[in-house]
Amino acid sequence: MIGQLRGEIVFKRPPQLLLDVQGVGYEIEAPLSTFYHLPPVGKSITLLTHLVVREDAQILYGFLTEADRQLFRNLLRVSGVGARMALAILSGMDARGFARCVEQRDVAALVRLPGIGKKTAERLIVEMKDRLPPLSTEMPEKKPRPQPEANPRADAISALIALGYKPTEASRLIQQVPEDCQSTEAMIRAALRSLHPIP
């Protein structure tokens with residue numbers, strides 16, 4: 001099992017990034033809660049990882065905090081929740097936000113995430129009640145760093161589609177983001193916050 005990687009970011013486009021570790025390139029998928037805090041391309045980063053092995057692929061998932069990785073692992077134990085859905089959950093809210101939804105039995109907030117219906121949301125609340133990760137390691141809020149991108153709006157729409165949103169919904173969400181959001185990550189964050197306002 002690959003538990004941690006430290007290397008230079010070669011490429012990043014949510015939810016995927018390429019990490020160069022001593023000449024070996026690792027393709028990693030990461031939730032937006034991790035992408036918001038990644039340094040620019042060319043800089044080094046340490047990621048906690050989780051390897052998912054399927055019949056047709058081996059997929060490596062990366063996280064900046066142990067709380068997010070533990071939540072991801074606990075979500076995989078819930079009936080009907082796969083890695084793709086767990087990634088979408090962590091892209092829509094961090095570990096503390098998810099814990100708040102479970103504690104408050106906030107089904108409405110969970111069903112706004114792509115791929116999660118009312119029954120799945122209710123099952124998440126029941127099964128995750130006793131599996132919540134420790135939240136003392138919550139990462140402080142940081143502003144995403146804008147970077148030059150060929151078409152940040154198109155990249156943001158593609159990222160939301162990759163997370164499970166329908167193309168028309170993804171396009172609508174990005175069209176509504178404020179004009180001052182210039183980078184892909186800033187657009188995605190604004191779009192998700194419009195669905196999940198932070199109290």
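Table for the structure above
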read-out: Of all DSSP beta bridges in the chain, antiparallel share, percent nearest 5; value: 90
read-out: Computed Kirkwood radius, in angstrom, where 1/r is averaged over Cα pairs of region 4-63; value: 11.5
read-out: Residues residue 100 and residue 18, FRET efficiency given R0 of 35 Å [Cβ-Cβ distance, rounded to 0.05]; value: 0.60
read-out: For the chain, built as a Gaussian network whose Cα springs stay under 10 Å, the top-fluctuating residue of 58, 182, 16; value: 58
read-out: Global geometry of the chain, whether rounded, prolate or oblate, following the gyration tensor of its Cα atoms and the 1.5 cut on a/c; value: oblate
read-out: Environment charge at residue 93 (Cβ cut-off 11 Å; Lys +1, Arg +1, Asp -1, Glu -1); value: +1
read-out: Per-peptide average of other Cβ atoms within 10 Å, ordering 42-48, 64-70, 168-174 highest first; value: 64-70, 168-174, 42-48
read-out: Set of aspartates and glutamates with alpha-carbon distance to residue 166 below 18 Å, sequence-local pairs under 8 removed; value: 155
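Here, each number is a calculation from the coordinates, and none is a lab measurement. Only a predicted model underlies this, so the values are computations on that prediction, with no experimental measurement involved. With ideal geometry, Cβ positions are generated from the backbone for all residues, glycine too; neighbour counts draw on all protein chains shown.
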